[in-house]
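Visitor: Take a look at this one; I'll ask things after.
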Amino acid sequence: MAEKDKSDKTKKITAEDLAKKQREISVAEFFEKNRHLLGFDNPRKALLTAIKEAVDNALDASEEAKILPEISVEIIEMAENRYRIIVEDNGPGIVKEQIPKIFAKLLYGSKFHRLRQSRGQQGIGISAAVMFSQLTTGRPTKIISKTEQNKPAHYMELHLNTQNNSPEIMIDEIKPWDSKDHGTKIEMDLEGSYIKGDQSVDQYLKETAIVNPHATIIYTNPKAEQFIYARATDKLPKEPLEIKPHPYGLELGILMKLLKNTEARTLNSFLLNDLSRIGPGTAKEICEKALIDPRKKPEDMSMQDAEKLMHAFKDTKIMAPTTDCLSPIGEELLEKSLKKEINAEFYVTITRPIFVYRGNPFQIEVGLAYGGTQSKEDQVTILRFANRVPLLYQQGACAFTKSVVGTNWKSYGIQQSNGSIPSGPLTILIHMCSVWVPFTSESKEALAHYPEIIKEIKLGLQEAGRKLQLYVAKKHRVQNQLERANLFERYMPEVADALSRLTGENKVLLLEQLKAMTNKEEIKQQIFEMESLKGDADEEDDKSRKSASDDDTDDELQESDE
């Protein structure tokens, strides 16, 4: 027996033996073992991630159906470290056949192949939450959805089979839901941890209300405390339209794939119909530079032909991508939202022009809220958003934070040490909207450090900072006037007495005249009405921008900061 064991250990393993051990794994199995990639790496974050995915889906569905979102979020503590989360919306609902695929199949969705602004992109989020729920509690996820007032609601309880990445329906029935004309409600149990603070569900929903001023959110936490974030506008955001790939953003492999799958019969037709911002003249110029016959069939294009086409794209001046695919919040609504949720004395918002990275259009919005009840000693608060979704984790690894640190806030009246986040009574809001947000991981918590994006963020911060600097400087001048008035007031009796002895005038009358000269009450009134100075800041900034174009002043702004 011992000799047999010894021979087994020394037996040579062949390629055939290794091949027997190989097997395909599903995407669900991969993420089951690597749940941290999706944001489920600790109990507190897991609770937040599950709610975030459900709320994001509700907002996207409501907006696509042109319905003003009204979302209810409830967290119930079932036992120690076990919670039930219930998210209900008034969206268009989900047809019966799609319910199991949307909630229990990873990488299934409608947004991955569309170039337009949306919250979700990968089709992973809510299904990953369902998977985490069943892993930690073993209980099925309950969904009820209704599409029309006169139609029945479909109720399902389901699991996600991770071996083949498919849904397992445990209950499928029709239920009455008379209180709802249309909408979806999801209920799941999971292990988690509820703690208030900067990276909590409470903070996420508050920030979501700021960048979604058209939504009403009703939130009930595990302590049975209810918070209502009422909408600030009854106007839905502009609907972003889908665009086609832009030539400047294509990679060789993607171009080959497009050529293979196109329905166009000629290369010229492919350039005109399958790519954006190419007209007949531009298509002719590209074919001439690539030395390729425009009548050539796309399926006959070789790798060498595709490479020539790529070089021709770079050598041809092509218009920037259309902006219809983006839906920024807008300066007016962003300021209204900041005022609704942050108690400050001065607000400024900026929406930058649209720019491009890797052929993808993007737009940066910046908001500053200064003073009020905010701490003067702590670091400033940075609110980061991508396509109207708050980013609460990995702040240090984010391009937003790098841009804030790289801006010279001292020139705007805010304290800052070299290479650090500034300190003072200030909240900095940065929002990026794009058809494809470059997140650093599947959990979508931080933005990659693209130079084009960082430059745009800094320019937005500088533009807002100039307006803040005008306000801060004027406020300091007014406060200095008040301090001088207080100092003068302290010595007024002695001054009045000396003047009375020198001139023979009545001392009481002289004292009243001196008090009138200080205008102390007028100075105090100025301090309380500093918000009106924002108009001065806007006027001064408009004057400075009239003297030069935006492109000419960008470099000057950079130099002035340094």
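Visitor: In this structure, does Lys151 turn out to be modelled with pLDDT under 90, in a loop (DSSP other than H, G, I, E, B) and farther than 27 Å from Lys196 by Cα?
Guide: Judged against the criteria, Lys151 is a match.
Visitor: If you check Ile454 against the conditions, is it in a helix (DSSP H, G or I) and surrounded by fewer than 22 Cβ atoms within 10 Å (Cβ to Cβ)?
Guide: Considered against the rule, which asks whether it is in a helix (DSSP H, G or I) and surrounded by fewer than 22 Cβ atoms within 10 Å (Cβ to Cβ), Ile454 comes out as yes.
Visitor: Give the residues of segment 357-376 that are over 20 Å from Glu239 (Cα atoms) and touching a strand residue (DSSP E or B) at 6+ places or on another chain (Cβ under 7 Å), sorted by residue number.
Guide: Within segment 357-376, Val366, Gly367, Leu368, Ala369, Tyr370, Gly371, Gln374 qualify.
Visitor: Continuing with the same structure: Do we have any residue at all in segment 19-37 that's over 44 Å from the mean Cα position of the chain (by Cα) and either modelled with pLDDT of 70 or more or not assigned by TED's automatic domain parsing to the domain that holds Ser441 (or both)?
Guide: Taking every residue of segment 19-37 in turn, at least one turns out to be over 44 Å from the mean Cα position of the chain (by Cα) and either modelled with pLDDT of 70 or more or not assigned by TED's automatic domain parsing to the domain that holds Ser441 (or both).
Visitor: In the set Ala61, Ala54, Ala50, Ala46, which member is over 21 Å from Phe439 (Cα atoms) and either in a helix (DSSP H, G or I) or polar (S, T, N, Q) (or both)?
Guide: Just a single option satisfies the conditions, and that option is Ala61.
Visitor: Something else about it: Please specify each residue of segment 154-186 satisfying the condition of being part of a loop (DSSP other than H, G, I, E, B) and of a type in the set (Gly, Ala, Ser).
Guide: Residue satisfying the conditions is Ser179 alone.
Visitor: In the list Lys223, Lys180, Lys185, Lys284, which residue meets the criterion of being among the basic types (Lys, Arg) and within 30 Å of Val356 (Cα to Cα)?
Guide: Lys284
Visitor: Hey, can you tell me all the residues within segment 53-74 that are surrounded by fewer than 22 Cβ atoms within 10 Å (Cβ to Cβ) and closer than 20 Å to Phe40 by Cβ?
Guide: Correct list: Asp56 only.
Visitor: Now, a different point. Would you call Lys308 of a type in the set (Lys, Arg), touching a His at 6+ places or on another chain (Cβ under 8 Å) and in a helix (DSSP H, G or I)?
Guide: no
Visitor: Exactly one of (1) of a type in the set (Val, Ile, Thr); (2) more than 30 Å from Lys196 (Cβ to Cβ); (3) part of a loop (DSSP other than H, G, I, E, B) is unmet by Ile254. Its number?
Guide: Looking at each condition in turn, Ile254 falls short on (3).
Visitor: Count, please, the residues in segment 395-407 that happen to be under 24 Å from Leu334 (Cα atoms) and either at pLDDT below 90 or among the polar types (S, T, N, Q) (or both).
Guide: The total comes to 4.
Visitor: On to the next question. Could you tell me which numbered condition Val405 fails, if it satisfies all but one of (1) touching a Pro at 6+ places or on another chain (Cβ under 6 Å); (2) free of Cβ contacts under 8 Å to residues at least 40 places away in the same chain?
Guide: Just one mismatch for Val405, condition (1).
Visitor: Here's another thing I want to ask about it. Could you grab me the full set of residues in segment 296-328 that are closer than 25 Å to Ser434 by Cα, touching a Lys or Arg at 6+ places or on another chain (Cβ under 7 Å) and buried (at least 16 other Cβ atoms within 10 Å of the Cβ)?
Guide: Once the filter is applied, which keeps residues that are closer than 25 Å to Ser434 by Cα, touching a Lys or Arg at 6+ places or on another chain (Cβ under 7 Å) and buried (at least 16 other Cβ atoms within 10 Å of the Cβ), segment 296-328 yields Thr316, Ile318, Pro321, Cys325, Ser327.
Visitor: Still on this structure: Of (1) under 15 Å from the mean Cα position of the chain (by Cα); (2) modelled with pLDDT of 90 or more; (3) surrounded by fewer than 18 Cβ atoms within 10 Å (Cβ to Cβ), Glu331 satisfies all except one. Which?
Guide: If we test Glu331 against (1) under 15 Å from the mean Cα position of the chain (by Cα); (2) modelled with pLDDT of 90 or more; (3) surrounded by fewer than 18 Cβ atoms within 10 Å (Cβ to Cβ), just (1) comes out false.
Visitor: Further question on the same structure: Filter segment 381-393 down to residues that are touching a helix residue (DSSP H, G or I) at 6+ places or on another chain (Cβ under 8 Å) and not in a strand (DSSP E or B) and give me whichever is farthest from Val366 (Cα to Cα).
Guide: Tyr393
Visitor: Listed residues Asp198, Asp293; which is surrounded by fewer than 19 Cβ atoms within 10 Å (Cβ to Cβ), more than 35 Å from the chain's Cα centre (by Cα) and part of a loop (DSSP other than H, G, I, E, B)?
Guide: Checking each option against the conditions leaves just Asp293.
Visitor: Any idea which of Thr216, Thr147, Thr141 is in contact (Cβ under 8 Å) with a residue 60 or more places away in the chain and either surrounded by fewer than 20 Cβ atoms within 10 Å (Cβ to Cβ) or assigned by TED's automatic domain parsing to the domain that holds Phe40 (or both)?
Guide: Selected residue: Thr216, the only one of Thr216, Thr147, Thr141 that is in contact (Cβ under 8 Å) with a residue 60 or more places away in the chain and either surrounded by fewer than 20 Cβ atoms within 10 Å (Cβ to Cβ) or assigned by TED's automatic domain parsing to the domain that holds Phe40 (or both).
Visitor: Going by the structure shown, is Ile286 among the hydrophobic types (A, V, I, L, M, F, W, C) and assigned to a loop (DSSP other than H, G, I, E, B)?
Guide: no
Visitor: Please verify whether segment 265-288 includes one or more residues that are of a type outside the set (A, V, I, L, M, F, W, C) and in contact with an Asp or Glu (Cβ under 7 Å, 6 or more places away or on another chain).
Guide: No, segment 265-288 contains no residue that is of a type outside the set (A, V, I, L, M, F, W, C) and in contact with an Asp or Glu (Cβ under 7 Å, 6 or more places away or on another chain).
The values are calculated or read from the model by the stated rules, or taken from the named source; none is laboratory data. The model shown is predicted, which means the values in this text are computed figures rather than measured ones. Positions of Cβ are backbone-derived with ideal geometry, glycine not excepted, and every protein chain shown enters the neighbour counts.
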